[in-house]
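**Q** To start, I am sharing the structure in question, which I have written as structure tokens.
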There are 2 protein chains.
Amino acid sequence: MKEIIECVPNFSTSDSEIVKAILDEVRGIEKAYLLDYTYDDYYSRLVVSYVGNRDSVLSAAINTAKKAIELINMNKHEGQHPRIGAVDVVPFIPIRNVEIEDCVELARKFGRTLTEECGVPIYLYGEAATKPERNDLDWVRRGEYEKLEEMMKKPERKPDFGSGSPHPTAGATITGARQVMVGFNVNLGTSNMEIARKIAKAMHAKKGGLAYVKAMATEIPNKNMTQIGMSITSFEKTPLHRVFELIRIEANRYNVPIVSSEFCGLAPLKTITDAAQHYLKIDNLTEDRVLEIAIQRATEKG
Amino acid sequence: MKEIIECVPNFSTSDSEIVKAILDEVRGIEKAYLLDYTYDDYYSRLVVSYVGNRDSVLSAAINTAKKAIELINMNKHEGQHPRIGAVDVVPFIPIRNVEIEDCVELARKFGRTLTEECGVPIYLYGEAATKPERNDLDWVRRGEYEKLEEMMKKPERKPDFGSGSPHPTAGATITGARQVMVGFNVNLGTSNMEIARKIAKAMHAKKGGLAYVKAMATEIPNKNMTQIGMSITSFEKTPLHRVFELIRIEANRYNVPIVSSEFCGLAPLKTITDAAQHYLKIDNLTEDRVLEIAIQRATEKG
């Protein structure tokens, strides 16, 4: 495959039938390849990952979004993750033989189509943002779906495409382009949300935590656990071991153990080799010294 | 590539011109792909890794061996790693769409050719062994090159191919088939070989250490360090973190720190994901959840 683009759309649902219907739209597109999906009741959010070329990724993005807009009613939606729409956010990510500018163009095409064909207003974010503050997802999502109509009346929250009011059941959609990032969630052995919020705050970049980390606290019902849900936007610069060990230190303060952790979505190889390098004190572990990658690269050339 | 076999020959040299001549023989074979090579003065040993199909791997094995036999004189060789020949050991390893039996057949073909065309006696080991004790490299190497002539006179050390006496400058060669294994070396912050030997012994399976681990102590000149050099024959069953943490515990006993570690040769992905899973307490990290691998597998199908 010459060019590879990844798309990681987030939908506001944890209904298994709606999940299936959305995934089937990816499976129905030739040369689009479903890589992964995860959804949880407590987030009530579906995160899908697929790859393809420009055409197949755009088609899959449009078809999945249309299906989600058809089936999800935001007026009935509850979940702990901030969101403003049924198709909450759709990032396009350059993987191989494409530039970030190509992904910006895809995001604009996707957004325009969604506005024209479904009447959903669109915000562009990340590298596709038209104003500096829109770079930041949190800024665009302020007020969430519940206050979306009110927020959209403010001049600074005018959408990039579409009218100044939300779609009646699907709200609004954010789309854009970004580099690969990591979703990493750490589960704490406490149900005390106050402690979890303090730890999330300690990790969050803008609140004094680690650069390139966004962190939020979530309740995990029926397990007596809370979760620090994180996005790490530059895992090369802020590696996982630093995130994990700093959470451990902050949690020790409250006598709270780390029970487990998980990737939300796929794990870039470098996050794994960096963790192994740190904990096993390895000097010479680059990605191309991983057997499977070395074989792939060597035989592709030949 | 339909079938993939890996070959990891070990040659008794650290002379950079001989190293280059041997590597050039791999590069000269169509559809043989050089993945990696390492050599050190203190081991005086070159470990090469390449992949290919049955024909290309066999041709590369024969050509590199002939070059090494031509250029290496074992009567002048010194090094800390046990060895019995210029071409010390040549394992064939099934990677994709081949069985271990195919690799046994390759080893036998390779061995027979080396005996017939170069007069080097051959021992078959691993899955190709003709007697249970020959499964074990250590057993076959007992006495090393220096006592090879004497050892070969013993009925139980009669080679599988060739006469009962060593090649005058190249000694004997061991070849066979095995599964992927890991070379992992841990550097200790002490130059005291007595301590290093005690730690190596504590790790070595047959001496009461961890199953599937072979360990030896080595001096690293000019760095005030010693090294625990290990082969881990089943890294699925005895993962790296267990090896590393046990060395740490044994070394603590002597107030010796672990300075660093390194892979000798390539690192199978599972060694890395297992280490990340352990230290970061990750619940859901399988190899197919690594982004690069997921993309490779998904797009290969399509």
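**Q** I'm told residue B:240 meets every condition in (1) more than 7 Å from chain A (Cβ to nearest Cβ); (2) farther than 30 Å from residue A:29 by Cβ except one. Can you identify the failing condition by its number?
**A** In the conditions (1) more than 7 Å from chain A (Cβ to nearest Cβ); (2) farther than 30 Å from residue A:29 by Cβ, residue B:240 misses (1) alone.
**Q** Applying the selection to the range B:212-237, what residues are among the β-branched types (Val, Ile, Thr) and either surrounded by fewer than 17 Cβ atoms within 10 Å (Cβ to Cβ) or under 17 Å from the mean Cα position of the chain (by Cα) (or both)?
**A** Answer for the range B:212-237, where residues must be among the β-branched types (Val, Ile, Thr) and either surrounded by fewer than 17 Cβ atoms within 10 Å (Cβ to Cβ) or under 17 Å from the mean Cα position of the chain (by Cα) (or both): B:213, B:218, B:228, B:232, B:233.
**Q** For residue B:218, indicate whether it is more than 14 Å from chain A (Cβ to nearest Cβ), in contact (Cβ under 8 Å) with a residue 60 or more places away in the chain and among the polar types (S, T, N, Q).
**A** yes
**Q** Which of (1) surrounded by 17 or more Cβ atoms within 10 Å (Cβ to Cβ); (2) out of contact with any strand residue (DSSP E or B) (no Cβ under 8 Å at 6 or more places or on another chain) is the odd one out, the single condition residue A:109 does not satisfy?
**A** (1)
**Q** Have a look at B:232, B:220 and point out the one that is in contact with a strand residue (DSSP E or B) (Cβ under 6 Å, 6 or more places away or on another chain) and at pLDDT below 95.
**A** B:220
**Q** Let me ask something additional. Checking residue A:80 against (1) of a type outside the set (Lys, Arg); (2) at pLDDT below 95; (3) surrounded by fewer than 16 Cβ atoms within 10 Å (Cβ to Cβ): exactly one of these is not met. Which one?
**A** Of everything listed in (1) of a type outside the set (Lys, Arg); (2) at pLDDT below 95; (3) surrounded by fewer than 16 Cβ atoms within 10 Å (Cβ to Cβ), residue A:80 misses just condition (3).
**Q** Report the residue count in the range A:145-166 for those that are in contact with a Pro (Cβ under 7 Å, 6 or more places away or on another chain), touching a residue at least 60 places away in the same chain (Cβ under 8 Å) and part of a helix (DSSP H, G or I).
**A** 1
**Q** Another one. Filter the range A:105-144 down to the residues that are among the small types (Gly, Ala, Ser) and outside any strand (DSSP E or B), then identify the one that is nearest to residue A:73 (Cα to Cα).
**A** Our first condition is that a residue be among the small types (Gly, Ala, Ser); within the range A:105-144, this holds for A:107, A:111, A:119, A:126, A:128-129, A:143.
When the remaining residues are screened for being outside any strand (DSSP E or B), the result is A:107, A:111, A:119, A:128-129, A:143.
Values: A:107: 24, A:111: 20, A:119: 15, A:128: 27, A:129: 27, A:143: 18 Å.
Among residues in the range A:105-144 that are among the small types (Gly, Ala, Ser) and outside any strand (DSSP E or B), the one nearest to residue A:73 (Cα to Cα) is A:119.
**Q** Also, quick follow-up: Can you find a residue that is within 8 Å of chain A (Cβ to nearest Cβ), in contact (Cβ under 8 Å) with a residue 24 or more places away in the chain and part of a strand (DSSP E or B) anywhere in the range B:281-300?
**A** No, there is no match, as no residue in the range B:281-300 is within 8 Å of chain A (Cβ to nearest Cβ), in contact (Cβ under 8 Å) with a residue 24 or more places away in the chain and part of a strand (DSSP E or B).
**Q** While we're looking at this one, here's another question. With (1) crowded, with 21+ Cβ neighbours inside 10 Å; (2) in contact (Cβ under 8 Å) with a residue 60 or more places away in the chain; (3) not hydrophobic (A, V, I, L, M, F, W, C) as the list, and residue B:169 as the residue in question, which single condition is left unmet?
**A** The one condition residue B:169 does not meet is (1).
**Q** Something else: Please verify whether residue B:38 is surrounded by 22 or more Cβ atoms within 10 Å (Cβ to Cβ), polar (S, T, N, Q), in the same structural domain as residue B:147 (by TED's automatic domain parsing) and within 28 Å of residue B:144 (Cβ to Cβ), treating the condition exactly as stated.
**A** Here the answer is no, as residue B:38 does not meet what is asked.
**Q** Continuing with this model, one more query. Mind checking whether some residue in the range A:174-190 is modelled with pLDDT of 95 or more, assigned to a loop (DSSP other than H, G, I, E, B) and more than 13 Å from chain B (Cβ to nearest Cβ)?
**A** So far as the range A:174-190 goes, yes, one or more of its residues are modelled with pLDDT of 95 or more, assigned to a loop (DSSP other than H, G, I, E, B) and more than 13 Å from chain B (Cβ to nearest Cβ).
**Q** Could you please tell me which pairs satisfy a Cβ distance under 6 Å, a separation of 6+ or placement on different chains, a first residue in the range B:74-101 that is assigned to a strand (DSSP E or B), and a second residue that is crowded, with 18+ Cβ neighbours inside 10 Å and hydroxyl-bearing (Ser, Thr, Tyr)?
**A** These pairs meet every condition: B:85/B:173; B:87/B:173; B:88/B:12; B:90/B:175.
**Q** For the range A:15-39, which residues satisfy the criterion of being modelled with pLDDT under 95 and away from chain B (no Cβ under 12 Å)?
**A** Result: A:39, single match.
**Q** Would you mind telling me which numbered condition in (1) closer than 17 Å to residue A:265 by Cβ; (2) in a loop (DSSP other than H, G, I, E, B) residue A:209 fails?
**A** It fails just one condition, (1).
**Q** Suppose we keep only residues that are assigned to a loop (DSSP other than H, G, I, E, B) and within 7 Å of chain B (Cβ to nearest Cβ) within the range A:258-272. Which one would you say is surrounded by the most Cβ atoms within 10 Å (Cβ to Cβ)?
**A** The qualifying residue surrounded by the most Cβ atoms within 10 Å (Cβ to Cβ) is A:266.
The values are calculated or read from the model by the stated rules, or taken from the named source; none is laboratory data. If you're wondering where the values come from, they're calculated on a predicted model, not measured in any experiment. For neighbour counting, all protein chains shown are included, and Cβ atoms are generated from backbone atoms with ideal geometry for every residue, glycine included.
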